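In what follows, a structure is listed as structure tokens, so that the remarks can point back to it.
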Amino acid sequence: MTNHEIARIFSRIADALEIKGENIFRVRAYRTAAQNIKALARQLEDVYRETPEKIGQLQGIGKDLSAKIAELIATGGLEYYEDLMKEFPEGFLSMLDLAGLGPKKLKKLHDELGIDNIAQLEKACRENKLETLEGMGPKTEIKLLEAISYYRGSEGRMLLPEAGEYAGQIVGYLLSSGLFEKVEIAGSLRRGKETVGDLDILTVAKNTEKAMDHFISYPLVGAVIARGTTKSSIKIKEGPQVDLRAVEKKAFGAALVYFTGSQQHNIRIRHLARKKGYKVNEYGVFSVGPRGRERRLKASTEEEVYKKIGMQWVPPELRESSGEIEAALDGKIPSDLVKESDIKGDLHLHTSETDGRAGLEEVMSAAEERGYKYIAITDHSQNVRIANGMDKKRLLRHLERIRKAAEKFKGLEVLAGCEVDMLENGKLDFGDEVLRELDIVIAAVHSKFNLDRKKQTDRYLRAMDNRFVNIIAHPSGRLITSRKALDLDLEKVFRKAAENRVFLEVNTHGQRIDLNDVNCRRAVELGAGVAINTDAHEPAQMDLLKYGVITARRGWVEKKDVLNTYSLSKLKKALKK
DNA sequence: GCCGTTTTCGGCCCGACTGTTTTCAGTCG
């Protein structure tokens, strides 16, 4: 049972209890627990197996919820949950995913109109049945019909790079108007989550009325969801919802904290502030005097807001309520989280020799343009036939060509390597007599994704015992929207990596982001290092590096933990082991 | 249901916008 599955069950329980009209704080407890569990760096199942009592020490998990987690892990099910679900028709709770429909209205629709599912809701809206209910009118029906159509056509959350593109375009549109003094991306995009739902943009506007009008007139707008003086929301045609908030300059810091989230992070910040006699909202930090009199304290930047509460500034990527609050209170926020400018080269690149699009020199000059000190050319090995993998003869010839082409690029060190396939039994696709000819060896799985946990893990461990292996590419094998991660004991893999000085890749290609944030964090905790690589198959993809960097930052990875921040001489030493 | 140098009981982050109201409940982030 994964953390995500446990979190989903808790959040379904929260939905169900809310509809039943249970104590809202009890509902919130389940919801908070679900969110905290999703943000954990370790799998609860692993924690439970080692030290079961640690479950109850987690933030927001007490006696009752730790017992429920134990039951889920031990039996794969939860009696309380299953009984609760029996009270609701199939598909009923998922109606809560409709925008504008919450537990209260849903309960009313069920109790008074007998609505059990989306199809019945749609029919009732079309027949104007909702208008017969108190508190609902014609607009409610229109909004719900829109929500239903959006829900059906919804592709869910975007991948991070796609969100980045949308945001870049809108920010450009806003800035070009001259109506804004400041425009800043906030929300999960600023935190660098691997998928993003809505886009959040925080602004300081010279004239909020004009600014809001400009925003809702964005050419690609499909619908205006809300239009207020400080807050408006639009839905982009075939794209995401975008929320824009305009605040005064002096409130910008507090507003940026608030609008960046995560929600759990905000709740804890405000809670801490309250204990100190302050109130924090998006307009600033206020001291609360006798008779509730409020006085604004100077806090126009994020740094000042955190300082007032008595803690260090927290980098946005860390704001997931997964230990950063405690660290910031103790002054223990990592001081040197890896930055894009720390990266001295890309160590996983393909060329047209196998399945890449560009030739050797094109790749090298792209690297030179990016100011890299070094790169590694790592085309596929023979077993990956679909990618036109090289046999021994072709590889040796390729190495020669790489070294020859590299002579033209004086300031760039080019390592001649290979992405060597990891065979089912953990042997590599080439023997040691070939591997020793390479400057760098990346081992990777491209087939047999469905081995059982023991076999898959042994496959990795054996490959990492080969003394020539430097990097494990895309270790978990997952593709965010299409392929599950391999069934793998990552704890063992990370420990072995630390022991044998094998680096684990943070691969930014396509839908990978692999390792992901929580795995990065655990790998580094266990003493392993990472390498942030693009696995680019054409030079433009080398730009995706920033998403690997942000993911590593979310995993609390510092510069010293990252192989490709090393100087050339240190890199070469590390590769020789 | 969780949590505690104000509390083991009584709190639980905080505010904007909408639609249906005539002062507010519901929803959202």
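All of the numbers you see were taken from the coordinates with simple rules; none came from a lab. Just so it is clear, the structure is predicted and the values come from calculations on it, not from any experiment. Reconstructed Cβ throughout: ideal geometry from the backbone, glycine too, with neighbour counts over all protein chains shown.
Some notes on this structure:
- Taking the stretch A:2-146 and dividing mean pair separation by its residue count, relative contact order in percent (alpha carbons under 8 Å, at least six apart): 20 percent
- Alpha-carbon Rg with Dmax, taken over chain A, Å: 26.4, 84
- Amide H partners (placed H, <5 Å) of A:ALA536, local residues excluded: A:HIS350
- Its Cα centre serving as origin, the stretch A:270-420 has a Cβ charge dipole (Lys and Arg +1, Asp and Glu -1) of approximately 860 debye.
- Within chain A, DSSP assigns beta bridges of which about 50% are antiparallel (rounded to the nearest 5).
- Cα centroid separation, the stretch A:162-177 to the stretch A:4-57 (Å): 36 Å
- Charges were assigned to the Cβ only: +1 to each Lys and Arg, -1 to each Asp and Glu. The resulting dipole of the stretch A:193-338 about its Cα centre is roughly 980 debye.
- Where both bridge residues fall in the stretch A:238-395, DSSP classifies roughly 65% of the beta bridges as antiparallel.
- Charge dipole (Cα centre; +1 on Lys/Arg Cβ, -1 on Asp/Glu Cβ; no other charges) of chain A amounts to roughly 1740 debye.
- Helical mean residue ellipticity (222 nm; -39500 (n - 2.57) per DSSP H run of 4+; nearest 500) of chain A: -12500 deg cm²/dmol
- Listed residue (A:THR229, A:PRO240, A:ALA186) projecting farthest to the positive dipole end of the stretch A:158-246, Cβ model: A:THR229
- Mean separation of Cα contacts under 8 Å (6+ apart) over length of chain A, as relative contact order %: 9 percent
- Long pairs among A:LYS448/A:LYS577; A:LYS249/A:LYS276; A:LYS344/A:LYS576, criterion Cα-Cα beyond 21 Å: A:LYS448/A:LYS577; A:LYS249/A:LYS276
- Sparsely packed trypsin sites (Lys or Arg not before Pro) within the stretch A:175-206, loop by DSSP, other Cβ within 10 Å at most 16: A:LYS206
- The longest part of chain A holding none of the exposed loop GluC sites (Glu not before Pro), meaning those outside H, G, I, E and B in DSSP with at most 11 other Cβ atoms within 10 Å, is A:408-577.
- Only lysine pairs 8 or more places apart, or on different chains, with alpha-carbon atoms under 25 angstrom apart are counted in the stretch A:158-246, and they number 13.
- Long-range HN-HN contacts of A:ILE115 with modeled amide H, under 5 Å: A:HIS110
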